[in-house]
Amino acid sequence: MKLRLCHLYPELLNLYGDRGNILVLCRRAEWRGIAVEVTPVSLGDKLDPQGYDLIFLGGGPDQEQGVASADLLAKGPWLKEAVEAGVALLAICGGYQLLGEYYRTGSGETLPGAGLFAAYTEAGTRRLKGNIAIQVEELEVDRPVIGFENHGGRTFLQGARPLGRVIYGDGNNGSDGTEGARYKNAVGTYLHGPLLSKNPHLADYLLRLALQRRHGEVELPPLDDSLEFAVNEAVYRRFLPTKGKW
């Protein structure tokens, strides 16, 4: 069994260790005997919508987002074709914003998005930053998803369903209790960290989504995630302002 992973704009969009998500996915696959092929795709490169099982897009500051925006707009039809065909996708922060309808920066510039998520983003007057925990209902393991958010944009969903509901933190916009967006097997989120190192249950969920298109339903052999879940619980409880679900 083989996992084909596309890393979009690795040299432009890699804030807060987002590349660590690639490392986590590769290790968790390889520990189970699944070979992984990682292909970097950048400015001007063609994106083969049939060539990958999972596409990753990290975060970046406004300048780098501006550079990537026009190219991502050109790749938009390929991305949509891939997702419609069942390819999994994970986009973090700036990458998440660029997959919506548009991102309006603090200077008033409007960066058109790829339109994968029915959502839009506008710059706010203060940054939303700090530790965050959300509840994601689709996960098999009943634990929170935790991370660190640091974004000036406010994302508002216009038909897209959220990745999860905020337990504490700001999420998409600090007001409606949503975090991230979902469309088919595509996931967008503001959670850095890197996200997947503290959330093995989310990492395995994405791996299963990525593998099932070519291989059908895949049962991933369990791994010893006691250390990862100990970190997940410790961080969750450390920043929990009131008694929560877990």
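Do we find that F156 is among the hydrophobic types (A, V, I, L, M, F, W, C) and farther than 22 Å from Y205 by Cβ in this structure? Judged against the criteria, F156 is a match.
Scanning region 59-82 for residues that are touching a Cys at 6+ places or on another chain (Cβ under 9 Å) and either among the β-branched types (V, I, T) or farther than 19 Å from L209 by Cα (or both) yields G59, G60. One residue is enough: does region 27-39 have a residue meeting the conditions touching a helix residue (DSSP H, G or I) at 6+ places or on another chain (Cβ under 6 Å) and more than 24 Å from P200 (Cα to Cα)? Among the residues of region 27-39, not one is touching a helix residue (DSSP H, G or I) at 6+ places or on another chain (Cβ under 6 Å) and more than 24 Å from P200 (Cα to Cα), which makes the answer no.
Taking region 133-154 as the range and being touching a residue at least 40 places away in the same chain (Cβ under 8 Å), closer than 17 Å to G95 by Cβ and crowded, with 17+ Cβ neighbours inside 10 Å as the test, the residues that pass are G147, F148, E149, H151, G152, G153.
Pairs meeting the criteria (first residue in region 225-246 and within 13 Å of I134 (Cα to Cα), second residue assigned to a helix (DSSP H, G or I), beta carbons under 7 Å, at least 6 apart or on different chains) are N232/K198; V235/K198; W246/Y236. Screening E140 against (1) farther than 28 Å from A85 by Cβ; (2) part of a loop (DSSP other than H, G, I, E, B); (3) among the acidic types (D, E) leaves a single unmet condition, (1). Filtering region 223-241 to residues that are within 21 Å of L206 (Cα to Cα) and more than 23 Å from the chain's Cα centre (by Cα) leaves D224, S226.
Taking the criterion of being farther than 20 Å from T121 by Cβ and either part of a helix (DSSP H, G or I) or in contact with a Lys or Arg (Cβ under 8 Å, 6 or more places away or on another chain) (or both), the residues of region 50-59 that qualify are G51, Y52, D53, L54. Within region 32-46, residues that are closer than 15 Å to L220 by Cβ and in contact (Cβ under 8 Å) with a residue 40 or more places away in the chain have Cβ atoms under 6 Å from residues that are of a type in the set (A, V, I, L, M) and assigned to a strand (DSSP E or B) in these pairs: I34/L3, counting only partners at least 6 apart in sequence or on another chain. The residues listed here are Y16, Y96, Y52; of these, the one that is closer than 26 Å to E109 by Cβ, crowded, with 23+ Cβ neighbours inside 10 Å and among the hydroxyl-bearing types (S, T, Y) is Y96. Residues of region 102-121 that are buried (at least 19 other Cβ atoms within 10 Å of the Cβ) and of a type outside the set (G, A, S): Y103, L111, L116, F117, Y120, T121. Taking region 60-135 and the strands (runs of 3 or more DSSP E) fully enclosed by it, the elements with 1 or more residues that are over 24 Å from L206 (Cα atoms) are at 102-104, 110-112, 119-135. For region 28-39, check the following and say yes or no: at least one residue is over 14 Å from the mean Cα position of the chain (by Cα), among the aliphatic types (A, V, I, L, M) and part of a loop (DSSP other than H, G, I, E, B). Yes; the residues of region 28-39 include at least one that is over 14 Å from the mean Cα position of the chain (by Cα), among the aliphatic types (A, V, I, L, M) and part of a loop (DSSP other than H, G, I, E, B). All of (1) surrounded by 24 or more Cβ atoms within 10 Å (Cβ to Cβ); (2) touching a residue at least 60 places away in the same chain (Cβ under 8 Å); (3) in contact with a helix residue (DSSP H, G or I) (Cβ under 6 Å, 6 or more places away or on another chain) hold for G86 with one exception: (1). I'm trying to understand the selection: among the residues of region 1-55, which are farther than 26 Å from Q97 by Cβ and among the small types (G, A, S)? Once the filter is applied, which keeps residues that are farther than 26 Å from Q97 by Cβ and among the small types (G, A, S), region 1-55 yields A29, G33, A35.
Please enumerate the residues belonging to region 138-147 that are touching a Lys or Arg at 6+ places or on another chain (Cβ under 9 Å) and either of a type in the set (S, T, N, Q) or at pLDDT 95 or above (or both). Those that are touching a Lys or Arg at 6+ places or on another chain (Cβ under 9 Å) and either of a type in the set (S, T, N, Q) or at pLDDT 95 or above (or both): P144, V145, I146, G147.
The values are calculated or read from the model by the stated rules, or taken from the named source; none is laboratory data. Since we're looking at a predicted model, the values are computed, not measured. Cβ: placed from backbone, ideal geometry, glycine included. Neighbour counts: every protein chain shown.
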